[in-house]
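Below is one structure, written out as structure tokens; comments come after it.
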Amino acid sequence: MSLPVDLEFFNLSLNENEPNPDWSAGLKSMWWDVKGNWEASHDIAQDMTSLDGSWIHAYLHRKEGDRFNADYWYRKANRSFPKVSLEDEQKGLVAYFIGK
């Protein structure tokens, strides 16, 4: 079960060394991404066998610059390759997982 959170609480938590253990896997993955730890974020997303996990996975490979791999994961997530910036996609993902 994930702990309710809002954007302000999420942003304040970025001063911590670890994400809240009660958060969803998706929110933890995005927390690591916002903190700049691509590997930790990817490790979590890779273990998420859902459309949400595929979306994070796609975003991370897009961020990495691997368009081919990103395209594959966007298809698995039933999403088109985004036309927004990486920053906007990151913000959208964080908001999405806060709202879940």
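Report, by residue number, each residue of region 32-41 that is open to solvent by 20 Å² or more (accessible area, probe 1.4 Å) and part of a helix (DSSP H, G or I).
Of everything in region 32-41, those that are open to solvent by 20 Å² or more (accessible area, probe 1.4 Å) and part of a helix (DSSP H, G or I) turn out to be Trp32, Val34, Trp38, Glu39, Ala40.
If we scan region 1-10, do we find a residue that is charged (D, E, K, R) and in a loop (DSSP other than H, G, I, E, B)? Spell out the reasoning first.
The initial filter retains those residues of region 1-10 that are charged (D, E, K, R), namely 6, 8.
Adding the requirement that they be in a loop (DSSP other than H, G, I, E, B) leaves 6.
Yes, that holds for at least one residue.
Residues that are free of Cβ contacts under 8 Å to residues at least 40 places away in the same chain, closer than 22 Å to His57 by Cβ and outside any loop (DSSP other than H, G, I, E, B) within region 11-28 comprise Ala25, Lys28, listed in sequence order.
Could you list all residues from region 3-41 that are of a type in the set (A, V, I, L, M, F, W, C), at pLDDT below 95 and within 12 Å of Ile98 (Cα to Cα)? Selection gives Leu3, Val5, Leu7, Phe9, Phe10, Trp23.
Filtering region 47-87 to residues that are open to solvent by 30 Å² or more (accessible area, probe 1.4 Å), of a type in the set (Asp, Glu) and within 12 Å of the chain's Cα centre (by Cα) leaves only Glu87.
The values are calculated or read from the model by the stated rules, or taken from the named source; none is laboratory data. Predicted model, so just to flag it, every value in this text is computed and none were measured. Here Cβ is always computed from backbone atoms with ideal geometry, including for glycine, and neighbour counts include all displayed protein chains. The area values use the complete protein model at the heavy-atom level, side chains included, leaving out ligands, DNA and RNA. Shrake-Rupley method; radii C 1.70, N 1.55, O 1.52, S 1.80 Å.
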